[in-house]
Each structure stands twice: as C-alpha cells, then as structure tokens.
Amino acid sequence: MSKNSKGWVQGMIGVAIFAGSLPATRLAVRGFDPVFLTGVRALIAALLGAALLWLLRQRPPERKDLPALALTALGVVAGFPLLTALALQQASAARAMVFVGLLPLCTALFAVWRGGERPRPAFWLFSGAGALCVSAYAALDGSAGSIPGDLMMLGAVLICGLGYAEGAGLARRLGGWQVISWALVLSVPVMLPLALWCWPPSLVGIGQEAWLGLAYVSVFSMLVGFVFWYRGLALGGIAAVGQLQLLQPFLGLALAAGLLHEPVTTGMLVAMLGALVCVTGAKRYAAAG
C-alpha cells in the first residue's frame, strides 16, 4: 500500500471515530456544564497521553515546536470542544453535524497558509462546492437551529481547522499520537483550574448517558481519534485527507438518529450527498499540479 493510500485509510479511521463526538457531546451536556466538560475531558485524555509518553520514553518536543503545539491545543483541545458543547445546548447534534462539512475547506485553507501546500485549482472548486452545500442547507433550514448556536459551530469549525493543520505539520516530525499527547499535556495548566472552577456541586443524579458521553469524548474524541487522524494527514497531505471530513456528517447523522432519536431531514441528506460528490472530486485534484 502506498504512503498516500495509508494516509487515506488512517484518516478514514479517524473520521469514523470523530463521527461519534457530537452525539456523545450532546449526551454529556445533558448532565455536565459545557465548560466543565471541556476541562475534564482534556484532563482525562492528558493523563492517558502523559502515561503513553512516559511508558514509551518519548523525548520532549523542541522549543521551536511549542508555538505550533499551543495552536494545536487551542484548536482541538480547547476551542472546538468548548464551542461545540455550548452550541449543542441550543442545537441538535444532527444540525451541528452538518456544519462539520465546512471543516475540510477550513483545514485546506490553513494547510496552504501554515503548511505551504498548493493543491490544484480544481481542488478549490470541489472543496468550495462542498462548503457551499453545507452553507446553503444551514441558511435554508434556519428553523432547525438558532443564530447563536450556528455562530458557535462556525467558530468551532474555523478554530478546529487551524488545530488540524498545525498538528498535522508537527506529526510529520514527531508522530501523530505524540503530537496530540504533548498538546494535551501542554493544556493541563489551563484545563485543571477550569475544571475545578466549574466543578458541579454534586455528581449524584447525573445520568448514565452523560457519563458515557464524557467517557467517549475523553478517550476516543480527544486522544484515540487523533492518533489516526494526524498520522493520516501527515502521510496523505493535510488538504487532501482533510476532505474526508465531508463524510463525517453521514456517520454522525446516523448516530444522532439511532442513539439520540433526532430527526434527519431530507435537506440534511441532500447537503451531505452533495458533499460526498465534492470530496471525491477534491481527492482527485489535491496534489499540486
């Protein structure tokens, strides 16, 4: 299997894991404050990441890597989890999932700006068309959400694209799981006081579904998924493999319907089918001409 193909396979595994993130977050915010959830999920993942780094005797990152690690942590450890948790207090997981279709375009833009990648012009045509499918759905189906919730999802997608691009660039030198583990460790001085400050008065009465949601986003969304995702981006190219995020809403919508019993509208499916066509075209033209 070629290096590029390995990148797409590992990226797809990461996308499959991430597809459960928003439904799991939706479950978790039924019992936990969004700010507390953001802090504690990062701390749990940081403990696991630190244990891996120690057991496998990984050397600390060089000083020159710290700014990129900080941006990675800002995007995927703090920004995206917090903004999505806040948004999911006002919107369904199904609607929020549609906005994830904008992630590939954001990731590609940051890959060009920060990573020096140069996809062919046709790539931007397909990537932009995929984003347009998502944006058109969100604009036409306004009854399904709220303006604050939609704005928070847009902000989450933007900052997550930055975190993906920065982390993938580091993964080429440090390794995928090492990048997310160091980013998590770096976030502890911020996340620990945040979690303590928002600690709930009592943990009694919090439902099982909220605990299950917390467990998933802490272990899989915050750590395991990134092991595959950053490796895939590093092998196959940030802009190219990043287009797989257009497929994540399909899996997420199925989970939202099956686990949360949320309605999946025809508009959602049409938007996602349009995105599927676009990711196929973007993959073909991702390499520089």
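The values are calculated or read from the model by the stated rules, or taken from the named source; none is laboratory data. In this text the structure is predicted, and so the values were computed from the model without any measurement. Here the Cβ is made from the backbone with ideal geometry for all residues, glycine too, and neighbour counts use every protein chain on show. Surface areas here come from the heavy atoms of the whole protein model, side chains and all, with no ligands, DNA or RNA. Shrake-Rupley method; radii C 1.70, N 1.55, O 1.52, S 1.80 Å.
Given a Förster radius of 35 Å and the C-beta distance between Val219 and Leu125 as r, what FRET efficiency does 1/(1 + (r/R0)^6) yield to the nearest 0.05?
Details: r = 38 Å, r/R0 = 1.09.
Result of the calculation: an efficiency of 0.35.
Given the protein chains as shown and a 1.4 Å probe, how many square angstrom of Val9 are accessible, to the nearest 10?
Val9 has an accessible surface of roughly 70 Å² with all protein chains in place.
Taking DSSP loops as anything outside H, G, I, E and B, show the longest stretch in the chain free of trypsin sites (Lys or Arg not before Pro) there with at most 16 other beta carbons within 10 Å. Please list the in-between numbers first.
On the way: sites that count: Arg30, Arg57.
So the longest stretch without any such site is 58-289.
How much length would be gained if the chain were fully extended between Leu52 and Ser2, taking 0.36 nm per residue of separation minus their Cα-Cα distance, in nm to one decimal?
Details: separation 50, 0.36 × 50 = 18.00 nm, distance 2.81 nm.
Between Leu52 and Ser2, full extension yields an extra 15.2 nm.
Using a Förster distance of 25 Å, how high is the FRET efficiency between Arg63 and Trp113, based on the Cβ-Cβ distance and rounded to 0.05? Walk me through the numbers on the way to the answer.
Working: r = 23 Å, r/R0 = 0.91.
For Arg63 and Trp113, the calculated efficiency is 0.65.
Enter the accessible area of Leu151 (Å², nearest 10), with the probe set to 1.4 Å and all protein chains included.
110 Å²
For the range 1-157, just say rounded, prolate or oblate: build the C-alpha gyration tensor, square-root its eigenvalues into a ≥ b ≥ c, call rounded for a/c under 1.5, and beyond that prolate if a/b exceeds b/c, oblate if not. Working shown, then result.
Working: a/c = 1.90, a/b = 1.12, b/c = 1.69.
Note, shape of the range 1-157 comes out oblate.
Ignoring any ligand, DNA or RNA, what whole percent of the accessible area of the chain comes from carbon and sulfur when the probe is 1.4 angstrom?
Values: 8630 of 12460 Å².
That fraction is 69 percent.
So what does Thr266 come to for accessible area, using a 1.4 Å probe and Å² rounded to 10?
Around 100 Å² of this residue is reachable by solvent.
Give the Cα extents of the range 171-285 along the principal axes, in whole Å, largest first.
Computed over the range 171-285, the largest-to-smallest principal extents equal 51, 43, 17 Å.
Could you give the alpha-carbon Rg of the range 103-256 over 2.2 N^0.38 Å, rounded to two decimals? Can you show the working numbers first?
Numbers: Rg = 17.6 Å, N = 154, 2.2 N^0.38 = 14.9 Å.
Expressed relative to 2.2 N^0.38 Å, the Cα Rg reads 1.18.
Averaged per residue, what accessible area in Å² does the chain show with a 1.4 Å probe, protein chains only?
Values: 12460 Å² over 289 residues.
It amounts to 43 Å² per residue over the chain.
Charges at C-beta only: +1 for Lys and Arg, -1 for Asp and Glu. How large is the resulting dipole of the range 59-120 about its Cα centre, in Debye rounded to 20? List each step's numbers first, then the result.
Numbers: 7 positive and 3 negative charges, 32 e Å.
In debye, rounded to 20, the range 59-120 gives about 160.
Kindly sort Asp33, Asp150 by accessible area of their heavy atoms, largest first, with the probe set to 1.4 Å.
Details: Asp33 75, Asp150 30 Å².
Most to least solvent-accessible, the answer reads Asp33, Asp150.
Apply 1/(1 + (r/R0)^6) to the Cβ-Cβ distance of Trp211 and Ala257, taking R0 = 35 Å, and write down the FRET efficiency to the nearest 0.05. Before the final figure, lay out each step's value.
Values: r = 22 Å, r/R0 = 0.63.
Efficiency, rounded to the nearest 0.05: 0.95.
Compute the Cα gyration tensor for the range 1-93, then decide on rounded, prolate or oblate, letting a ≥ b ≥ c be the square roots of its eigenvalues: rounded whenever a/c is under 1.5, prolate when a/b is larger than b/c in the other cases, and oblate in all that remain. Display every interim value, and only then the final one.
Details: a/c = 2.02, a/b = 1.34, b/c = 1.51.
Verdict is oblate for the range 1-93.
Ignoring ligands, DNA and RNA, how do Tyr230, Tyr216 rank by accessible area with a 1.4 Å probe, largest first?
Highest to lowest solvent-accessible surface, that is Tyr216, Tyr230.
What does the extension gain come out to for Ala16 and Leu151, with contour length at 0.36 nm per residue minus their alpha carbon separation?
Numbers: separation 135, 0.36 × 135 = 48.60 nm, distance 2.50 nm.
Once the chain is fully extended between Ala16 and Leu151, it gains 46.1 nm.
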